[in-house]
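Trainee: Structure incoming, see below.
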Amino acid sequence: MSWVLCVALVVVAIITFVGTITSAVPTTTFAGGERATVTLDPANSPALYATGDQTSRFSCQMFSRSPAPPGWEPLVKPTVKQSVSLGGVEWELISHIRVPTPGEYQVTCESERPLRFGVGTNPHLGAVLPTLILLPLLGLTLAVATTIIVLVKRNSARRRP
């Protein structure tokens, strides 16, 4: 039974990981030259992705319907290369989106070669990583401990006359 719990906790960790990655995949996509209207919330850590020929040069701009605060830089290049993949399409993170308040925003991108752009969320693997490690470790620890206890008790029961 303890090994079943161990396997169940590993499955929960895998489902959590897959859910985190798939929730990051862009939900709104658009081609270069198009303008997309997206509803963004800073609490969701929005991000801008691109798919296609990643060697292509591109530039993106973001617009707010309300007056932007002074010094607002909505698109910030990531320091680490990240990508998410779903359905055979690999999306590379090209910018973190910083919005001051929840609301509707417009984003447009231009590229040398055909690229598809999308707005999704930043996968927070740092927040999920402890779960991905601790759940299987907890399950394994419980299963091994239970197995050792059962073997010791069986062995001591056999020695009794």
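Trainee: Within the range 30-45, how many residues are out of contact with any Ser or Thr (no Cβ under 6 Å at 6 or more places or on another chain), open to solvent by less than 60 Å² (accessible area, probe 1.4 Å) and on the phi < 0 side of the Ramachandran plot?
Mentor: 5
Trainee: From Thr29, Thr39, which residue is in a strand (DSSP E or B) and more than 21 Å from Ser111 (Cα to Cα)?
Mentor: That would be Thr39, the only listed residue that is in a strand (DSSP E or B) and more than 21 Å from Ser111 (Cα to Cα).
Trainee: Looking at the range 58-102 only, could you name the residues that are within 22 Å of the chain's Cα centre (by Cα) and on the phi > 0 side of the Ramachandran plot?
Mentor: Gly87, Gly88
Trainee: Can I ask one more? Which pairs have Cβ atoms under 6 Å, sit 6 or more apart or on different chains, and link a residue in the range 41-61 that is more than 17 Å from Val25 (Cα to Cα) to one that is of a type in the set (S, T, N, Q)?
Mentor: If the second residue must be of a type in the set (S, T, N, Q), the pairs left are Ser56/Ser111; Phe58/Ser111; Gln61/Thr108.
Trainee: Another one. Cβ-Cβ under 6 Å, sequence separation 6+ or interchain: first residue in the range 104-118 and within 13 Å of Pro46 (Cα to Cα), partner of a type in the set (Gly, Ala, Ser). Which pairs?
Mentor: Tyr105/Ser64; Val107/Ala36
The values are calculated or read from the model by the stated rules, or taken from the named source; none is laboratory data. These figures come from a predicted structure and were not determined experimentally. Cβ atoms come from the backbone with ideal geometry, glycine included; neighbour counts cover every protein chain shown. Just the protein is used for accessible areas: all its heavy atoms, side chains included, with ligands, DNA and RNA removed. Shrake-Rupley method; radii C 1.70, N 1.55, O 1.52, S 1.80 Å.
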